[in-house]
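Encoded as structure tokens, the structure appears first; notes follow it.
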Amino acid sequence: MKKSTPPDSPKLFDDLPLRPDFSIEDAARREGLWPIAGTDEAGRGPLAGPVVAAAVILDPNNIPAGLNDSKKLSLKQREKLFQEIIETAEVSIASSGPRLIDQRNILRASLDAMRRAVAGLVTPPALVLSDGRDVVPGITCHGRAVIKGDARSVSIAAASIVAKVTRDRMMVRAGIVYPVYGFEGHAGYGTAQHRGAIEGHGPCVLHRMSFRPLKKDGVVVE
């Protein structure tokens with residue numbers, strides 16, 4: 001006899017159509033799990049800047065139209081949806097800076113930011129849906145991982161948009177403080193222009209010293 005998976009076990013929804021909707025949330029509500037928060041992060045890959053996480057509880061009766069994985073949306077679309085999400089949903093944002101990333105590694109720093117974003121919600125969720133294969137650690141409710149969740153769950157898609165827009169705005173401000181790196185143009189990613197600026201000027205406090213090319217042959221370049 002096949003055993004059913006208990007509701008608080010990590011579930012990897014890897015057989016769903018790649019279009020965000022409310023079906024995962026509806027299924028969880030039928031299990032008695034509500035409210036439901038979606039969480040996602042932005043900025044795992046860049047050489048500089050924080051990783052930013054958002055947790056979002058959508059109003060099922062007022063879901064902004066056009067929610068999708070933030071990477072599939074234009075800047076204009078993201079900005080518009082960001083404002084609609086802020087106005088219609090409950091939102092919490094947290095981040096992990098470069099030093100924490102260096103100390104703990106990017107995965108742990110990302111998950112910690114997601115945990116803090118969830119903890120910052122005014123309404124305690126009964127379930128947290130997270131993008132990827134990792135359930136958010138340290139939460140006091142059920143957690144489920146959703147493979148490619150930002151393309152499948154509107155709650156996670158909303159969180160991905162909030163995290164992306166927030167981080168992009170932070171990096172625009174970083175570009176004003178540290179103009180030689182051009183953060184406003186590449187958001188800290190390892191473009192040729194950014195790598196050239198690091199080579200010419202050295203790193204600043206926003207750079208992740210544990211990331212290549214800042215870390216060469218196991219030695220951190222200060």
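Please find the FRET efficiency linking residue 189 to residue 86, where r is the Cβ-Cβ separation and R0 is fixed at 25 Å, and quote it to the nearest 0.05. Efficiency, from the Cβ-Cβ distance: 0.50.
Put the Cα centre of the stretch 87-113 next to the Cα centre of the stretch 149-209 and the gap is 14 Å.
A protection proxy built from the mean count of other Cβ atoms within 10 Å ranks the segments 33-39, 178-184, most packed first, as 33-39, 178-184.
Here Rg and Dmax of the Cα atoms in Å was calculated from the structure, and among (1) 16.5, 48; (2) 18.2, 65; (3) 18.3, 55 it sits at label (2). The peptide list 165-174, 144-153, 190-199, 51-60, put in order of mean Cβ contacts within 10 Å with the highest first, becomes 51-60, 144-153, 165-174, 190-199. With the simple model of a label 7 Å out from the Cα in the direction of the Cβ, residue 201 to residue 61 spans 5.2 nm. With the helix formula -39500 (n - 2.57) applied to DSSP H stretches of n ≥ 4, the chain reaches a computed 222 nm mean residue ellipticity of -11000 deg cm²/dmol.
Each value in this text was obtained by applying a stated rule to the coordinates, not by laboratory testing. Keep in mind that what you see is a predicted model, and the values were worked out from it rather than measured. Neighbour counts run over all protein chains shown; Cβ positions are idealised from the backbone, glycine included.
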